[in-house]
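Since the structure comes first, as structure tokens, the remarks are kept for the end.
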Amino acid sequence: DQQVKQNSPSLSVQEGRISILNCDYTNSMFDYFLWYKKYPAEGPTFLISISSIKDKNEDGRFTVFLNKSAKHLSLHIVPSQPGDSAVYFCAASVEGGSEKLVFGKGTKLTVNP
Amino acid sequence: DAGITQSPRYKITETGRQVTLMCHQTWSHSYMFWYRQDLGHGLRLIYYSAAADITDKGEVPDGYVVSRSKTENFPLTLESATRSQTSVYFCASSEGLASGGIQYFGAGTRLSVL
């Protein structure tokens with residue numbers, strides 16, 4: 001049973017436009033959410049996170065929105081840049097739950113110049 | 001080098017052989033993790049460790065063994081490699097809640113089992 005779902009395997013956007021990556025979860029015990037970015041032949045790198053006590057967190061061009069009632073979060077990238085082309089993973093954890101992260105399958109973002 | 005390093009970066013082995021993937025971190029993070037990444041599955045947790053000499057199974061532990069005699073090292077051993085273990089393996093470390101639960105990943109080891 002997949003607890004963290006990224007239903008779009010890929011997304012293509014034009015440079016300068018907004019990229020919206022979506023993530024759904026089923027486990028209501030999740031209370032901390034992270035987005036990771038992964039380039040080919042590299043390890044995932046942390047991008048941005050959000051605690052369940054918030055509904056929005058912003059860091060430069062990246063904003064994560066959390067809708068707890070819908071068990072849905074999204075990552076907005078504005079404006080998108082070609083260097084943002086990567087695979088984005090959504091991950092979730094339970095505070096005090098041995099620090100384990102549960103990852104989605106990832107969404108490959110392509111930003112076209 | 002500071003950070004988290006994995007070795008080797010690439011490995012080809014044969015079915016039935018024993019293979020050990022190495023992971024070393026210089027931050028003295030308490031937590032360490034092993035994941036495998038496969039097409040259509042994302043990142044799946046194999047084993048994790050909360051401290052030296054404390055390890056526990058993740059989502060897909062079968063066929064793997066880990067040890068953690070020192071805080072900085074967390075080797076992953078495939079005791080008898082199978083073709084289904086062909087994958088990209090990532091090691092990660094974390095301070096836990098002290099760092100907001102953020103895990104820091106190595107560059108990965110691409111393993112092919114023939």
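The values are calculated or read from the model by the stated rules, or taken from the named source; none is laboratory data. Note that the structure is a prediction, hence the values are computed from the model and not measured. So basically every Cβ, Gly included, is an ideal-geometry build from the backbone, and we count neighbours across all protein chains shown. Note: accessible area is taken over every heavy atom of the protein model, side chains too, but ligands, DNA and RNA are not part of it. Shrake-Rupley method; radii C 1.70, N 1.55, O 1.52, S 1.80 Å.
Worth a mention:
- The range B:95-114 - residue that is among the small types (G, A, S) and more than 13 Å from the chain's Cα centre (by Cα) and, of those, farthest from B:Q37 (Cα to Cα): B:A98
- Restricting the range B:101-114 to residues that are part of a strand (DSSP E or B) and touching a Cys at 6+ places or on another chain (Cβ under 9 Å), the residue that is most open to solvent (accessible area, probe 1.4 Å): B:F105
- Members of the range B:24-35 that are more than 11 Å from every other protein chain (Cβ to nearest Cβ) and either β-branched (V, I, T) or part of a strand (DSSP E or B) (or both): B:H24, B:Q25, B:T26, B:W34
- The residue of the range B:77-100 that is farthest from the other protein chains (Cβ to nearest Cβ), among those that are open to solvent by less than 10 Å² (accessible area, probe 1.4 Å) and in contact with a Ser or Thr (Cβ under 7 Å, 6 or more places away or on another chain), is B:A81.
- Pair list, Cβ < 9 Å and 6+ apart or interchain, from the range A:18-43 residues that are at positive phi to residues that are surrounded by 20 or more Cβ atoms within 10 Å (Cβ to Cβ): A:A41/B:G108
- Test: A:G43 is modelled with pLDDT of 95 or more and of a type in the set (G, A, S): yes
Residue by residue, here is whether (1) part of a strand (DSSP E or B); (2) of a type in the set (A, V, I, L, M) holds:
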| residue | (1), (2) |
| --- | --- |
| B:L21 | yes, yes |
| B:R68 | no, no |
| B:V88 | yes, yes |
| B:C91 | yes, no |
| B:A98 | no, yes |
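- Selected residue (only one of B:M32, B:M22 is in contact with a Pro (Cβ under 7 Å, 6 or more places away or on another chain) and in contact (Cβ under 8 Å) with a residue 12 or more places away in the chain): B:M22
- Subset of the range B:29-73 [surrounded by fewer than 14 Cβ atoms within 10 Å (Cβ to Cβ) and within 22 Å of B:S112 (Cα to Cα)]: B:L39, B:G40, B:D62
- Listed by position, the strands (runs of 3 or more DSSP E) contained in the range A:13-97 that have at least 3 residues being open to solvent by 40 Å² or more (accessible area, probe 1.4 Å) are A:19-25, A:56-59.
- Residue among B:K70, B:K57 that is under 20 Å from A:A91 (Cβ atoms) and of a type in the set (K, R): B:K57
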